[in-house]
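Below is one structure; the comments refer to it alone.
The values are calculated or read from the model by the stated rules, or taken from the named source; none is laboratory data. Just so it is clear, the model here is predicted, and its values are computed rather than measured. No Cβ is skipped: glycine too gets one built from the backbone with ideal geometry, and neighbour counts run over all protein chains shown. Ligands, DNA and RNA are excluded from the accessible area calculation, which covers all protein heavy atoms including side chains. Shrake-Rupley method; radii C 1.70, N 1.55, O 1.52, S 1.80 Å.
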Amino acid sequence: MEGSSDINTVLTNSLSPDATLRHAAEQQLSQAAVTNFSQYLVTLVQELANESAQSHIRAAAGIALKNAFSAREFARQAELQAKWLQQTDQDTKTRVKQLTLETLASSSTQASQASAQVIAAIATIELPRNEWPDLMHALVKNVSEGSEHQKQASLTTIGFICESQDVDLRNSLVQHSNAILTAVVQGARKEEPNREVRLAAITALGDSLEFVGNNFKHEGERNYIMQVICEATQAEDSRIQQGAYGCLNRIMALYYENMRFYMEKALFGLTILGMKSDDEDVAKLAVEFWSTVCEEEIAIEDDNAQVESSEQMRPFYNFARVATLEVVPVLLQLLTKQDEDAADDEYNISRAAYQCLQLYSQAVGAAIIQPVIQFVEANLRADDWHLRDAAVSAFGAMMDGPEEKLLEPIVKSGMQPLIGMMEDPSLHVRDSTAYALGRITETCSEVIDPAVHLDPLITSLFNGLMSSPRMAASCCWALMNLAERFGGEYGAAQNPITPHFNQCVTNLLAVTAKLDGDATVRTAAYEVLNVFVQNAANDSLPAVASLSDVILQRLEETLPLQSQVVSVEDKITLEDMQTSLCTVLQAIIQRLDKEITPQGDRIMQVLLQLLNTINGKSAVPEGVFAAISGLANAMEEDFAKYMDAFAPFLYNALANQEEPSLCSMAIGLVSDITRSMGERSQPYCDQFMNYLLNNLRSTALANQFKPAILQCFGDIAGAIGGHFEAYLSVVAVVLQQAATVTASAEGSYEMFDYVISLREGIMDAWGGIIGAMKGSDKTNVLEPYVQSIFELLNTIAQDPNRSEALMRAAMGVIGDLADAYPNGQLAEVFRQDWITAMIKETRSNREFQQRTIETARWAREQVKRQISGTQGMIQT
């Protein structure tokens, strides 16, 4: 890559739409970087700084230069940064930094923007190491004294640096907050005549707000920053207005406690004015400001409810409640700005207003009712569909805030009109009505009278589901809520859904039978069918049994379709359908329980055929495994007849570390199968143990897999009893090693949770192992490990970070050990005060479930018996 013409050609080709040319150019650049990295950097930076070169070539040089020491992948990023730090001589570094800074003054916007990216990439490496101390001073000087191009490019550079997600860089920027603020506030002032400079400044200010906390503590600095931003909301250029409102949103989230004065003096009025702006992007950001206010105040109230003293309470100013009667009417009017042609996922002003209204309802509770009901009553029967739609949407949006007893009379009086609006001539209104009904069935279902509302409600929701794909998601959501709300006690003869069950299933089968229909609708309808089956009363079980034939037939009919797939879309559609059918089948199996046994052969035949036909990565095996798990639980020992055919698939999944979710499912399935089959699972346990131990040692699988694997050891031991002795020595070492994992006081929440989960797994494993050895009169083989078990129990007793599940498992192990040595062999250990205190603490904890308390009581009785015996003491 020598000579100016060669460089130009390669750089031009690196941007070519022709993939062949582009790939060849990228290869040449990569080879040049490998051959002589420093020379490569100098060549590129000289071309970037070359004022006589074409802009697109200079931009390409800048992109290649940035890519020489930055990448999206963490490992690659670290590798490239090391090359800059360790393989680049100081002269080259100085030359690159000098020329990129000079290029910020270029009249070519493409070149100066590329330079900004390069400088930000170098700053990511050097600022955390204090290796470019004069960078910020140079950028501030550019903003103060430079040309218009240089000012804009320098501010853009600051913005790029501040928006980086690199943790080390973000931590280092705090010490540069004064320089950053000096530059961006100067550029963002209303006195700045150049709009592009002011826009770059306000953008950079938004990116830098997280790092200027110390400056915000000083009233004078804070006042000036707020003044500049507030003035920018009134700029003639709507882009600057947008940037200013974006800054206000970020400031409210970061510095709520400092905002009281500014809310009273300016922000109430400015943001309400902004919400009324003709520029939709400005209006959306002003609406989002109030969404941020609500989110902060909801979070503060939650935090303050959990503190132990008033000194720990965060400041709370009730901004949302004070402004309810000014802000909410504006939001309600914005709901009427629907775009008839908007896509379902398009974020426009009416959707921003709806989201804000939902948050407002949560933040102010009962205060939302009066303005919303006033709006609903005025517009529910309006001729304009926009107004009817806004009224229905507003009614649904307020469901999540006020207490249910306040909403009850309102919802009761509104149910019949709402159900009637499912027949509105406007599809938009019908869709919003279905969603509002979904909100009601989720949050205020107690208000629904089954005798009065259920029949017309279910009918209207199915009519909506079958009339338009657009309404399907909302209708399905509401139907699922109804099935869950009125499912009643599990195993009851009847529930309020029973009279409607058969017709609902018929309707859902009709919707899902349309192979040429909308795939999203079909998937949603299968989810509804799944929930109806789960909540079916006993009188509906014959219908569930009949449904199993339909679902199995549909699964069988998908098998030949696998060979007919010709596109990625076809594959996704088919696999979604197969996964949905497996999910419904799983629900049927679980609901019928042992009554499913006559269908077992047919179920396993089709599921095994499915596993045989799947090629490559797919979600279908997870659905198949879930259904097989249900079948194993239902058939128990009788499931053994399928294991020879199924085991190879299970082994493959256990070994498949490239698909962690499938591997995780397989680990859980081993637990289910061994618990169900008991000793009949022993022939497969050598393979199970090998795969599980390999997964424990793997670096490819996350730590979160380990607790489940340890628990699985306990399940295997419980299933095969004394036969587990063959694995005990290896498993005991694994459990002892796992017991040494701790979280430091400065550790993350994730680490604390992991340690607790790991200890739960260890306790579950020992519980299963102790029970297995006791049941086979082999408790003597446990004696070498008893001391390490008590050491972990002591660690758990002393550690305040523990869960109820961990304490329940620990109580189980204490009781199991005492029970396993009934002649008092462990009496001296059990007489230790910490064991008595641990059991008492668990037994008397009123927040724990009854089964945890009962386990602790049982453990206490076992310990009492242990202490009362004196024969053959074991030394620990």
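Quick notes
- Which numbered condition Val447 misses (of (1) open to solvent by 10 Å² or more (accessible area, probe 1.4 Å); (2) touching a His at 6+ places or on another chain (Cβ under 9 Å)): (1)
- Subset of the stretch 657-675 (residues that are assigned to a helix (DSSP H, G or I), under 25 Å from the mean Cα position of the chain (by Cα) and surrounded by 16 or more Cβ atoms within 10 Å (Cβ to Cβ)): Leu662, Cys663, Ser664, Met665, Ala666, Ile667, Gly668, Leu669
- Residues being within 20 Å of Gln338 (Cα to Cα), open to solvent by less than 30 Å² (accessible area, probe 1.4 Å) and of a type in the set (Gly, Ala, Ser) - total across the stretch 360-388: 1
- Single unsatisfied condition, Ala632 versus (1) under 25 Å from Ile720 (Cβ atoms); (2) among the hydrophobic types (A, V, I, L, M, F, W, C); (3) touching a Leu at 6+ places or on another chain (Cβ under 7 Å): (3)
- Among the residues making up the stretch 224-249, a single one is in contact with a Leu (Cβ under 6 Å, 6 or more places away or on another chain) and not in a helix (DSSP H, G or I): Thr233.
- Pairs with Cβ under 8 Å, 6+ apart, first in the stretch 389-400 and in contact (Cβ under 8 Å) with a residue 40 or more places away in the chain, second among the β-branched types (Val, Ile, Thr) and not in a helix (DSSP H, G or I): Asp389/Thr336; Ala390/Thr336
- Counted as qualifying within the stretch 800-860 are the helices (runs of 4 or more DSSP H) with 2 or more residues that are open to solvent by 10 Å² or more (accessible area, probe 1.4 Å) and under 24 Å from Ala708 (Cα atoms), namely 804-820.
- Condition met for Gln81 (touching a residue at least 24 places away in the same chain (Cβ under 8 Å), surrounded by 15 or more Cβ atoms within 10 Å (Cβ to Cβ) and over 41 Å from the mean Cα position of the chain (by Cα)): no
- Within the stretch 762-787, residues that are acidic (Asp, Glu) reach partners that are surrounded by fewer than 24 Cβ atoms within 10 Å (Cβ to Cβ) and assigned to a loop (DSSP other than H, G, I, E, B) with beta carbons closer than 7 Å, at six or more positions or on different chains, in the pairs Glu783/Ile874.
- Members of the stretch 100-115 found to be in a loop (DSSP other than H, G, I, E, B), within 17 Å of Ile63 (Cα to Cα) and touching a Gly at 6+ places or on another chain (Cβ under 9 Å), listed by number: Leu104
- Yes/no for Ser413 being in a helix (DSSP H, G or I), out of contact with any helix residue (DSSP H, G or I) (no Cβ under 8 Å at 6 or more places or on another chain) and within 24 Å of Glu423 (Cβ to Cβ): yes
- Every residue from the stretch 258-313 that is basic (Lys, Arg), farther than 26 Å from Lys217 by Cα and surrounded by fewer than 21 Cβ atoms within 10 Å (Cβ to Cβ): Lys276
- Only one of the listed residues (Arg95, Arg58) is open to solvent by 20 Å² or more (accessible area, probe 1.4 Å) and in a helix (DSSP H, G or I). That residue is Arg95.
- Test: residue in the stretch 363-376 that is at pLDDT 95 or above, under 18 Å from Thr433 (Cβ atoms), in a helix (DSSP H, G or I) and of a type in the set (Gly, Ala, Ser): no
- Within the stretch 314-324, the set of residues being part of a helix (DSSP H, G or I) and open to solvent by 20 Å² or more (accessible area, probe 1.4 Å) comprises Arg321, Val322.
- Selection count, the stretch 755-770, where residues are in contact with a Gly (Cβ under 7 Å, 6 or more places away or on another chain) and either among the acidic types (Asp, Glu) or open to solvent by 40 Å² or more (accessible area, probe 1.4 Å) (or both): 1
- Residue check, Ser757 in a loop (DSSP other than H, G, I, E, B) and of a type outside the set (Val, Ile, Thr): no
- Evaluated against (1) of a type in the set (A, V, I, L, M); (2) at pLDDT below 95; (3) over 18 Å from Val364 (Cα atoms), Ala283 falls short on exactly one condition, (2).
- Of all the criteria given as (1) farther than 23 Å from His500 by Cβ; (2) out of contact with any Cys (no Cβ under 9 Å at 6 or more places or on another chain); (3) in a helix (DSSP H, G or I); (4) touching a residue at least 24 places away in the same chain (Cβ under 8 Å), the one not satisfied by Ser580 is (1).
- Helices (runs of 4 or more DSSP H) fully within the stretch 116-223 that include at least 3 residues being open to solvent by less than 20 Å² (accessible area, probe 1.4 Å), touching a strand residue (DSSP E or B) at 6+ places or on another chain (Cβ under 8 Å) and in contact (Cβ under 8 Å) with a residue 60 or more places away in the chain: none found.
- Residue match in the stretch 592-601 (condition: open to solvent by less than 10 Å² (accessible area, probe 1.4 Å), in contact (Cβ under 8 Å) with a residue 12 or more places away in the chain and in a loop (DSSP other than H, G, I, E, B)): no
- Condition check for Thr20: assigned to a helix (DSSP H, G or I), polar (S, T, N, Q), modelled with pLDDT of 75 or more and within 21 Å of Ala111 (Cα to Cα): no
- In summary, Asn348 fulfils each of the numbered conditions (1) open to solvent by less than 80 Å² (accessible area, probe 1.4 Å); (2) within 15 Å of Gly401 (Cβ to Cβ); (3) of a type in the set (S, T, N, Q) with the single exception of condition (2).
- Scan the stretch 389-427 for residues that are more than 31 Å from the chain's Cα centre (by Cα) and open to solvent by 30 Å² or more (accessible area, probe 1.4 Å) and the total you get is 13.
- Among the residues of this structure, Ser629 counts as one that is closer than 19 Å to Leu581 by Cβ and assigned to a helix (DSSP H, G or I).
- Qualifying positions in the stretch 622-654 - of a type in the set (Ser, Thr, Tyr) and closer than 15 Å to Met665 by Cα: Ser629, Tyr651
- Selection status of Asp570, modelled with pLDDT under 90 and either among the aromatic types (Phe, Trp, Tyr) or more than 27 Å from Tyr651 (Cβ to Cβ) (or both): yes
- So Glu750, is it of a type in the set (Asp, Glu) and in contact with a helix residue (DSSP H, G or I) (Cβ under 6 Å, 6 or more places away or on another chain): no
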